[in-house]
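Enquirer: Handing you a structure now.
Where a number appears in this text, it was derived from the coordinates with a stated rule and is not lab data. If you're wondering where the values come from, they're calculated on a predicted model, not measured in any experiment. Backbone-built Cβ (ideal geometry, glycine too); neighbour counts: all protein chains shown.
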Amino acid sequence: MALLSNTAVLLGKELRTEFRSRELLTTTVVFILTIVVLFSFTFDPSVSESRRFGPGLLWLAFLFAASLMLQPCFLREQNNDTLSALRLSVNDPFAIFLAKLAANTLFLLFTQVLLLPVFSILYNVPVLATFPRLVLVMFMGSLGLSVTGTALSAISAQARMRELLLPLLLLPLLTPVLIASTEATAALLVPNPAMRWDWLGFLLAFDVVFLTALWLFGEYLLEE
Amino acid sequence: MCACGFVGGSLLKKRILVAAVVVALMGFAAYAALFIAPTESKMGTIQRIFYLHAPSGMVALLSFFVCFVGNLAYVFKRQPKWDWLGVSAAEVGMAFCTVLILTGPIWAHPVWGIWWTWDARLTLTFVLWLLYTSYLLLRTLVEDPGRRALFSAIYGIFAFLDVPLVYGSIRWWRTQHPQPVIMGGAGSGLEPTMRKVFWFWVLNLVILMIFLIRERYALEAMREEVQSLEREAEAA
């Protein structure tokens, strides 16, 4: 239980840091919005075409945004020299990862929930009827992005060319998340929406596999 | 720790002998594929590329598995030799994976009429190739040798864990969208001589893989020794 209470304290710290400046959330929202607008020039954004390409472009935008948004996650600690203090403050370094990935999942989910209605208006795809189910899909997808992304941002923070390296490490690893989230979202945006529990189960499997891997190997990433 | 063997004539001779045997085996395998195996009735001569293509895929996966074992062992044991095994196996796997990706379209264009299709197996191979390219790139971007070894080991573990998930998702997704061209299982329903040539190729490429990993491992060990000698010279 010490793990959970430590995680809660660290999560509070992550959220406080972000809400003081709101830098990360603002830039991510604007970034995704830019991509969504630019995508409209690459195909004819009629209703039927939007239903076909919309879910994919939405998730691709989320993936790109996540690979940029996760950069400062450990870099910030490194630049401020706070990583050692953070490590000393908890017995189990997994709490640091848990807090960071929970914060990242919340940030991603927040931007997605904010941008989904905008996407719906711009591309004429109704989302209101299936909104709660869409949020569930977005949560599972964001969790997958955050689990792998948080682990890899601990790696990229200590490498050269880190801004390019993180997307390069992360994006191929996220192929299953992209496919499963896109398919599940697409099934909810058609005229007769249906929840694709099979794809949601697949996302759950992805999340569990990498959460376990992070639990087993994460602590080594924080070694001095 | 020294797996080098670059000093001493007898070791060098042994390595040259092993290399000669591997080259001879590959030569015979090429002969078997071109002249011993019968010509396939529908596809003709182009089908012979299959003896190189399919076993390369199997051996690439095997190399990546060896890399995964090296990565796991490094994380828990922290001996540099496991890191050397990891990088050697990843590079050799990439070589076989590249052969796989290049020979595929050469065969596909005359037979299917297209160079590439986003079929489950092709897509998996491409993603695999990208994952291990990232693994090798990561190694060039971390300065400290200990950190480089540890980070790449953990990324290698993540990459290998991702393989079944990537394959599962693509397969599931693509089988729901009907595909014009789907190949039967490798080696299924093969004519007996073809089957013999095919398995001879598999065996051969496994031998080639072991040979290449050993050579690459020796190179990495040598590099390490040079670096430690350089450090000693600087300190003196």
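Enquirer: Within straight cross-link reach of A:K13, meaning Cα distance under 24 Å, which lysines are found once same-chain residues fewer than 8 apart are removed?
Expert: Within the straight-line cut-off, A:K13 pairs with A:K100.
Enquirer: Right, here's the next one. How much length is gained on full extension from B:L203 to B:F28, taking 0.36 nm per residue of separation minus their Cα-Cα distance? Mind dumping the intermediate values first?
Expert: Working: separation 175, 0.36 × 175 = 63.00 nm, distance 1.24 nm.
Going from the current span to full extension adds 61.8 nm.
Enquirer: If the cut-off is 28 Å between C-alpha atoms, which lysines fall inside it for B:K13, apart from same-chain ones fewer than 8 positions away?
Expert: Of all the lysines, those that pass the test against B:K13 - Cα under 28 Å, at least 8 places apart if same chain - are B:K81.
Enquirer: OK, next. Pick from B:L61, B:L190, B:L100 the residue whose mean-square fluctuation is largest in a GNM of chain B, springs joining Cα atoms under 10 Å.
Expert: B:L190
Enquirer: Considering Cα pairs under 8 angstrom that are at least six residues apart, work out the relative contact order of segment A:81-146 and quote it in whole percent. Before the final figure, lay out each step's value.
Expert: On the way: 26 pairs, mean separation 26.0, N = 66.
In percent, rounded to a whole number, it is 39.
Enquirer: Only residues of segment B:113-135 count here: report those whose backbone N is under 19 Å from the spot 7 Å along Cα→Cβ of A:L164, or say none.
Expert: Once the point is set 7 Å along Cα→Cβ of A:L164, B:130-135 turn out to lie under 19 Å by backbone N, inside segment B:113-135.
Enquirer: Would you list the membrane-span-like helices of chain A, meaning whole DSSP H runs whose alpha-carbon atoms span at least 20 Å along their axis and whose mean Kyte-Doolittle value is at least 0.0?
Expert: Once both thresholds are applied, what remains is A:2-21, A:23-39, A:47-69, A:94-123, A:131-156, A:175-189, A:197-221.
Enquirer: Is segment A:1-114 rounded, prolate or oblate when judged by the Cα gyration tensor, a ≥ b ≥ c being the square roots of its eigenvalues, rounded requiring a/c under 1.5 and prolate requiring a/b larger than b/c? Provide the component values of the computation, followed by the final result.
Expert: On the way: a/c = 3.24, a/b = 2.49, b/c = 1.30.
Here segment A:1-114 falls in the prolate category.
Enquirer: Calculate the length of the line joining the C-alpha centroid of segment A:94-134 to that of segment A:184-206, in whole Å.
Expert: Cα centroid to Cα centroid, the span is 15 Å.
Enquirer: Between beta-carbons, use under 11 Å as the cut-off and find the net charge around B:T39, counting Lys and Arg +1, Asp and Glu -1. If you can, show how the numbers build up before the last one.
Expert: Details: positive: B:K42, B:R48; negative: B:E40, B:E191.
Here the charged neighbours net out to 0.
Enquirer: Which of B:V23, B:V127, B:V197 moves the most in a Gaussian network model of chain B with Cα springs under 10 Å?
Expert: In this elastic network of chain B, the residue with the biggest mean-square fluctuation among B:V23, B:V127, B:V197 is B:V23.
Enquirer: How are the C-alpha pair distances of chain B spread across 10 Å bins, as whole percents from the shortest bin up?
Expert: With a bin width of 10 Å, the distribution comes to 7, 26, 30, 23, 10, 3, 1, 0.
Enquirer: Is segment A:2-221 rounded, prolate or oblate when judged by the Cα gyration tensor, a ≥ b ≥ c being the square roots of its eigenvalues, rounded requiring a/c under 1.5 and prolate requiring a/b larger than b/c? Don't skip to the answer; put the middle values down first.
Expert: Numbers: a/c = 2.03, a/b = 1.73, b/c = 1.17.
In terms of gyration-tensor shape, prolate.
Enquirer: Testing the spin-label approximation: label points 7 Å from Cα along Cα→Cβ at B:A233 and B:Q79. State their distance in nm.
Expert: 2.9 nm
Enquirer: For chain B, with a Gaussian network of springs between Cα atoms less than 10 Å apart, report the residue from B:W107, B:W199, B:W172 with the top mean-square fluctuation.
Expert: Largest GNM mean-square fluctuation: B:W172.
Enquirer: Bin by bin, in steps of 10 Å, what percent of the Cα pairs in the protein assembly as shown do you find, going until the bin that has the longest distance?
Expert: Bins of 10 Å from zero give 4, 18, 25, 23, 17, 9, 3, 0 percent of pairs.
Enquirer: Right, here's the next one. Across peptide B:158-169, how many C-beta atoms of other chains are within 10 Å of each residue C-beta, on average?
Expert: Values: counts 12, 3, 0, 6, 10, 0, 3, 12, 6, 2, 6, 12.
Taking the mean over all residues of the peptide, I get 6.
Enquirer: Provide the packing ranking of A:55-65, A:12-22, i.e. peptides ordered by the mean count of other C-beta atoms within 10 Å per residue, highest first.
Expert: Numbers: A:55-65: 21.5, A:12-22: 12.8.
Peptide ranking by packing, descending: A:55-65, A:12-22.
Enquirer: Just counting partner chain Cβ atoms within 10 Å, what average do the residues of peptide A:139-152 show around their Cβ? Please report the intermediate quantities before stating the final value.
Expert: Numbers: counts 0, 0, 0, 0, 0, 1, 0, 0, 0, 2, 0, 0, 3, 6.
That works out to 1 on average.
Enquirer: DSSP loop (so not H, G, I, E, B), at most 12 other Cβ within 10 Å: list which trypsin sites (Lys or Arg not before Pro) in segment B:26-107 pass both filters. Walk me through the intermediate numbers first.
Expert: Details: sites: B:K42, B:R48, B:K77, B:R78, B:K81; in loops: B:K42, B:R78.
Answer in residue order: B:K42.
Enquirer: Over what distance in Å are the Cα centres of segment B:63-123 and segment A:8-26 separated?
Expert: 40 Å
Enquirer: Beta carbons within 10 angstrom, averaged per residue: use that to sort the peptides A:189-201, A:68-80, highest first.
Expert: Details: A:189-201: 14.2, A:68-80: 18.8.
Put in order of decreasing packing, that is A:68-80, A:189-201.
Enquirer: If you put +1 on each Lys and Arg Cβ and -1 on each Asp and Glu Cβ, how big is the dipole of segment A:70-224 around its Cα centre, in Debye rounded to 20? Present the calculation step by step, with values, prior to reporting the outcome.
Expert: Values: 7 positive and 10 negative charges, 73 e Å.
The dipole of segment A:70-224 has a size of about 360 debye.
Enquirer: Ok, one more. For the protein assembly as shown, what is the calculated [θ] at 222 nm in deg cm²/dmol (nearest 500), taking -39500 (n - 2.57) for each run of four or more DSSP H residues and dividing by its residue count?
Expert: Values: 16 runs with 365 residues, N = 460.
Calculated mean residue ellipticity at 222 nm is -28000 deg cm²/dmol.
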